[in-house]
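Everything on this sheet refers to the single structure shown next.
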Amino acid sequence: MIVYHNPSHRLHAPLHEFFRGERVPCFEKPDRADYVETRLRQQGCTLLAPDVDSHAVLARVHAPRYLRFLQEAWSQWLALDPLNARVQPFPSVWPVRTLRDDVEPDNFIARLGLYSMDNGTPLAEGTWTAAKAGADAAASAAAAVAAGARAAFCCTRPPGHHAGPDFMGGYCFLNNAAVAAQLLLDTGTARRVAVLDVDYHHGNGTQSIFYERSDVMCISIHGDPRTEYPFYLGHADETGAGAGEGFNLNLPLPAGTDFSGWMAALEQACVQVLACGAGALVVPLGLDTFEGDPISRFTLASPDFLPIGERLAGLGLPTVFVLEGGYAAAELGVNAVNVLEGFERAAQAASAAGGRA
């Protein structure tokens, strides 16, 4: 499988975050991608640096003023006080409900709140560089598929599926899966793309970007938002709006869901992928469904990720995998490669069977 990675990901290395109101060391850390890269190389994979600039595609999925803020945020923070280089900024106020979000405040922390859905997505000096390189890697993987590759994997961090049109959240700044889906559409690879999000947490940002569109079918299997982050989106009654009505499917599952229960949801998702007429597939590959994940509550074991890849290959679609969550860092490489190996094994078997027919 073609693999693109993000050589700049380690530039995003904040030291701490707020988790359920407590200041804790960051769960989303550089070691996550390092473990995956190491495992990929052990399996003989060549990791390619991004070769596509995602600038134009980013403008199709994110608001201009949000992109401008992300690009300038750290320099604006330092302009307030050079000593801020040693301080991570966090928002403390948000424009909820009746408050206005159309006027960008002059106050930096207020601007940060305007573009944040939580206070658990810390900025660091290299955040924009790392996030932009990750979007470039996602665009590169999608371009490889558009050029005829059966599948490609984007190994990157920070993750992306919680980032919406004009907000960051859940460790995410730029929506890499949305970038991949949009590029597949823009290149004519498919008239409709299915995004099948298998992360433990609902891909609220991806849903928000495509909710009123019929050219992207968004499907998400995730922990019930009544108890799990992001809490305020991901319910089963969210089915799309306007032109996108019927093109959003959420499959929330209770904490403690085991592999058989999870696979039943995946089967339902796969049926919908085929029913919607998608010509290509993007998989936000969250691996925090793993039983040892410190912030999630499903019970999948490492061997379970092999048949997940096999089932996804059974859809027979050009596929882009984009790394998302997974915070049991040491096991992340094994789990990611198991999905890819399962996919490759099933795809090769199907190709061989077709050749014999």
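The values are calculated or read from the model by the stated rules, or taken from the named source; none is laboratory data. Note that this is a predicted model, so its numbers are computed, not measured. As a convention, Cβ positions derive from the backbone with ideal geometry for all residues, glycine included, and neighbour counts pool all protein chains shown. To get the accessible areas, we keep the full protein, side chains included, count just its heavy atoms, and leave off ligands, DNA and RNA. Shrake-Rupley method; radii C 1.70, N 1.55, O 1.52, S 1.80 Å.
Structural remarks
- Solvent-accessible area of the stretch 1-102 (1.4 angstrom probe, protein heavy atoms only): carbon and sulfur portion equals 54 percent.
- Scattering profile of the stretch 291-357 at q = 0.13, 0.29 Å⁻¹ [log10 I(q)/I(0), Debye over alpha-carbon scatterers]: -0.41, -1.27
- Rounded to the nearest 0.05, the FRET efficiency derived from the C-beta distance between residue 78 and residue 186 at R0 = 45 Å is 0.80.
- When only the Cβ of Lys, Arg, Asp and Glu is charged (+1, +1, -1, -1), the dipole of the stretch 10-154 relative to its Cα centre reaches about 320 debye.
- Expected-Rg normalisation [2.2 N^0.38 Å, Cα atoms] applied to the chain: 0.93
- Unit charges on C-beta of K, R, D, E only; dipole of the chain, Debye: 480
- Once the 1.4 Å probe is applied to the protein heavy atoms, the chain comes out at 40 Å² accessible per residue.
- Within the stretch 70-159, the proportion of Cα pairs with more than 17 Å between them is 60 percent.
- Taking the stretch 99-135 and a reference point 7 angstrom along Cα→Cβ of residue 92, the backbone N atoms nearer than 19 Å belong to 105-124.
- Note on the chain: antiparallel DSSP beta bridges, both residues inside, total approximately 15 percent of the bridges counted.
- Label-point separation, residue 291 to residue 245 (7 Å along Cα→Cβ), nm: 4.5
- Three-way shape label, the stretch 199-357, alpha-carbon gyration tensor, a/c 1.5: oblate
- Within the accessible area of the stretch 163-241 (1.4 Å probe), percent carbon and sulfur: 50
- Taking label points 7 Å from Cα along the Cα-to-Cβ direction, residue 20 and residue 255 give a separation of 0.7 nm.
- Antiparallel DSSP beta bridges within the stretch 153-303, as percent of all bridges there, nearest 5: 10
- Dipole-positive endmost among 5, 77, 353 within the chain (Cβ charges, Cα centre): 353
- Förster-model FRET efficiency, 22 Å R0, residue 348 and residue 301, C-beta, rounded to 0.05: 0.35
- Prolate/oblate/rounded label for the stretch 2-58 (Cα gyration tensor, a/c 1.5): oblate
- The value given for the stretch 1-145 is a Kirkwood hydrodynamic radius of 17.0 Å, derived from the mean inverse Cα-Cα separation.
- Taking only the Cα atoms of the stretch 83-135, the radius of gyration and Dmax are 12.6, 36 Å.
- Accessible area of residue 10 (1.4 Å probe, protein heavy atoms only, ligands and nucleic acids ignored): about 120 Å².
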